[in-house]
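Since the structure comes first, as structure tokens, the remarks are kept for the end.
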Amino acid sequence: MTHIPIVDLLQSEALHQEFTVKGWVRSFRSNQFIAINDGSCLKNLQCVVDFENTDETILKRINVGAAIVINGTLEESQGGRQRVEIKVKDIQIEGDADPEEVKLTILSPKRHSLEKLREQAHLRVRTNTFGAIMRLRSKLSFAVHEYFNKNGYFYAHTPIITGSDAEGAGEMFRVSALDPENPPKNEDGSIDYSKDFFGKETNLTVSGQLEGETYALGLGKIYTFGPTFRAENSNTSRHLAEFWMIEPEMAFCDLDGNMDVAEDFIKYVINYALENCQEDLEFLETRLIQEDKSKPQAERAPMALRDKLKFIVDNNFKRVSYTEAIDILRNSKPNKKKKFKYPINEWGADLQSEHERYLVEKHFNCPVILFDYPANIKAFYMRLNEDGKTVRAMDVLFPGIGEMVGGSQREERLDVLKEKMAALDISEEELSWYLDTRKFGTCTHSGFGLGFERLVLFVTGMTNIRDVIPYPRFPGSAEF
Ligand code: 4AD
Ligand code: MG
């Protein structure tokens, strides 16, 4: 039997016509009004049962959480809450849900904390909040692909299992098929990875960038969009051990061009959400306003969610060099009053999230692109500036989020790149394929990485990154 998604039915003008809908019961009032939701949109569909002419045993099985199939006609609704409703002709229960058991889960119709929902992540997508978040996540991924496709980029699938460490210092998850109880050993007692599946040590990728660069230097403009993995012990509301990253890479593009792409791209996907996800955004906005009511004035969001998103789309990001940023921070109130955990004393200090947040949320009050960082706090592949001490790096910082994007113009000069690698003890042999790009037709090129969950976090207004990915992985937890 074909059925119509509720999202379409709620728009339909086909009054008195017969339809089949399938979904899960959200509520059943007065033995008469079933609210069913099929995930296609936030809103439930009201289905009105003629209980006097419906089998008692069926009525008893219309419980919250049950999967049901309803056949009936579309009618103008008598109640004020909805435009249309279904007048039920026939109900079938496809999957029961025992009310006694439902009571013990987050499916029970009352407010549950986000922590509680996280424990039942397999069920939370059936709540309004997570339905809205996950629909937005899906729409945003589509917008990402649409942006790059419209602008002449090719989607490159870089490997998940790698034999190299792109960031030079990333903490990686080992991939091995050796018997952990009895691994083959070298003479010195260390594990002999030459006997492992790939004949060498391999890891889950921390970034597709290096492979992405080789593809940009052939296809011109590429992007990756896939899972990346970091085994760093960061137990924060901004870090995941498994997250999705979008990494564009452009040949014949310098740092200014790179910043232009990052800004244009972010604005495009946020605008896409504003235009295509009205209902879910409105719901999340109201949710935030409710939540804020229990907070002191100073902690409340200064703007409603959709106004905040519009502000991003309508205003230029502020571009500030690292050196200027250090001056601002050094002279800032919290620095002088020793409020920073890491005081800013001199040029060269690595910026912590407290500093990034001060710049974005207190000083500039808009997204900020910091560029030209000290070479020694950034990765080996970033292009050295003429001053010999800064690199053409950029980070895009967002209010409430901190670092949304990290990127750079790449060092295209073979000799400079080799020197840098030698200084950092990075093996030329292991990266010989990467160095080849600098030997054969090297060119100015740039790219960046955007953490997809941080974008979803910003757009949904949620505060914990664990709530914007279906099954979050973080230190001590890989449930489901
Ligand atoms: O700044 P990162 O480490 O940069 C790179 O990996 C470069 N190879 C990107 C490139 O130039 N192609 O990471 C990029 C972004 C960060 O700005 C942040 O948004 C996100 O990835 N990110 C994380 N998101 C969630 N959890 C983590 N543990 C993250 N680490 C980085
Ligand atoms: Mg970074």
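No lab work stands behind these numbers, since they all come straight from the coordinates. Treat the numbers as computed from the prediction; the structure is a model and nothing was measured. Cβ: placed from backbone, ideal geometry, glycine included. Neighbour counts: every protein chain shown.
The table that follows gives values for the structure above.
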item	result
Convex hull of Cα atoms in segment 177-231, direction-averaged projection (nm²)	5.7
For segment 227-259 and segment 69-131, distance of Cα centres in Å	37
Karplus (6.51, -1.76, 1.60) ³J(HN,Hα), θ = phi - 60°, over segment 322-329, in Hz, Gly and Pro reported as x	3, 4, 4, 4, 4, 4, 4, 5
Zero-based 5 Å bins, Cα pair distances in segment 210-287, whole percents	3, 12, 14, 15, 18, 18, 13, 6, 2, 0
Relative contact order computed over segment 284-363 (Cα-Cα under 8 Å; 6+ residues apart), in percent	19
Trypsin sites (Lys or Arg not before Pro) lying in DSSP loop within segment 364-402, provided at most 15 other Cβ fall within 10 Å	LYS389
Using a Förster distance of 35 Å, the FRET efficiency for TYR342-GLU181 (Cβ separation, nearest 0.05)	0.20
The chain, relative contact order in percent, only Cα pairs under 8 angstrom and at least six apart counted	13
Extent along principal axes [Cα atoms of the chain; Å; largest to smallest]	85, 58, 44
Anisotropy class of segment 13-70 from Cα gyration tensor, a/c 1.5 cut	oblate
Difference of contour (0.36 nm per residue) and Cα-Cα distance, THR20 to ARG300	96.4 nm
Translational diffusion coefficient (Stokes-Einstein; Kirkwood radius from C-alpha pairs) of segment 122-206 at 25 °C, 0.890 mPa s, in µm²/s	145
Charge context of GLY72, other residues only, Cβ under 13 angstrom, K/R +1, D/E -1	-2
Lysine pair number, Cα distance threshold 20 Å (strictly under), segment 329-456, separation 8 or more or different chains	14
Highest average packing first - 294-305, 139-150, Cβ atoms within 10 Å	139-150, 294-305
For the chain, calculated [θ]222 nm from helices alone, where every DSSP H run of n ≥ 4 adds -39500 (n - 2.57)	-9000 deg cm²/dmol
Charge tally in the Cβ shell below 13 Å around VAL456, where Lys, Arg are +1 and Asp, Glu are -1, VAL456 excluded	+3
Listed peptides 42-52, 420-430, 240-250 by packing density, highest first (mean Cβ within 10 Å)	240-250, 42-52, 420-430
Cα centroid separation, segment 177-214 to segment 273-333 (Å)	43
Largest-first principal axis extents of the Cα set of segment 1-157 (Å)	61, 40, 31
Percentage relative contact order, segment 203-301, counting C-alpha pairs under 8 Å, at least six apart	22
On Cα atoms only, tilt of 278-293 relative to the major axis of the chain in degrees	80
Lysines with Cα under 19 Å of LYS89, excluding same-chain neighbours fewer than 8 positions away	LYS22, LYS60
Around ALA156: net Lys/Arg minus Asp/Glu count, Cβ-Cβ under 12 Å	-3
